[in-house]
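I have a structure here, written as structure tokens, and I will follow up with some questions on it.
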Amino acid sequence: MSGPRDTEPQANGALARALRRRNPDWTDATVHAERTQVIQEAEQRTGTAKRPDILIAPPFCQPVIVETEFAPAYTLDLDAAGRLGTSLQGTGAEIEGVLSVVLPGRLRTGDLESVEGSAFFYATH
């Protein structure tokens, strides 16, 4: 019998917290994990596709979306590329940059707060 497993939304929350600690301009108000109704085109999508994994949107800066998936991450790049050209609800700012980040499989059963010391594979879109 294996131990408890962490979900991708839980890992996204831990990664968002780690990102907030990296930049003094990144706060709970500017770095969001698993937040709904932030993409204008969301009403045309279904399921979790309408909810970016992590949104970094400080004032007066171009917003960036971080899409994540546990390794082996077969659909990650497709999901990330699908975010390009979408716009934020409220500001209308266009998403011109997306990072796809492969979450190490060990985070699935490990301490998620160790995400800050983890090594990642990633791609920019």
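Could you count how many residues in region 53-62 are buried (at least 21 other Cβ atoms within 10 Å of the Cβ) and over 13 Å from A16 (Cα atoms)?
Qualifying residue count for the region: 0.
Could you please tell me which pairs satisfy a Cβ distance under 7 Å, a separation of 6+ or placement on different chains, a first residue in region 13-37 that is over 20 Å from F60 (Cα atoms), and a second residue that is exposed (fewer than 12 other Cβ atoms within 10 Å of the Cβ) and not hydroxyl-bearing (S, T, Y)?
Short answer, once both residue conditions are applied: A14/E113.
To continue, here is another question. Taking only region 71-96 into account, find how many residues are outside any loop (DSSP other than H, G, I, E, B) and either surrounded by fewer than 17 Cβ atoms within 10 Å (Cβ to Cβ) or at pLDDT below 95 (or both). Write out each step before concluding.
Pass one, region 71-96, residues outside any loop (DSSP other than H, G, I, E, B): 76-81, 87-88, 94.
Next, from what is left, pick out any that are either surrounded by fewer than 17 Cβ atoms within 10 Å (Cβ to Cβ) or at pLDDT below 95 (or both): 77-79, 81, 87-88, 94.
Within region 71-96, residues that are outside any loop (DSSP other than H, G, I, E, B) and either surrounded by fewer than 17 Cβ atoms within 10 Å (Cβ to Cβ) or at pLDDT below 95 (or both) number 7.
How about region 102-125: which of its residues are free of Cβ contacts under 8 Å to residues at least 40 places away in the same chain and assigned to a helix (DSSP H, G or I)?
Once the filter is applied, which keeps residues that are free of Cβ contacts under 8 Å to residues at least 40 places away in the same chain and assigned to a helix (DSSP H, G or I), region 102-125 yields G105, R106, S114, G117.
Further question: What number of residues within region 1-38 are out of contact with any strand residue (DSSP E or B) (no Cβ under 7 Å at 6 or more places or on another chain), among the aliphatic types (A, V, I, L, M) and not in a loop (DSSP other than H, G, I, E, B)?
The total comes to 2.
The values are calculated or read from the model by the stated rules, or taken from the named source; none is laboratory data. What you see is a predicted model; the values in this text were computed from it and never measured. Here the Cβ is made from the backbone with ideal geometry for all residues, glycine too, and neighbour counts use every protein chain on show.
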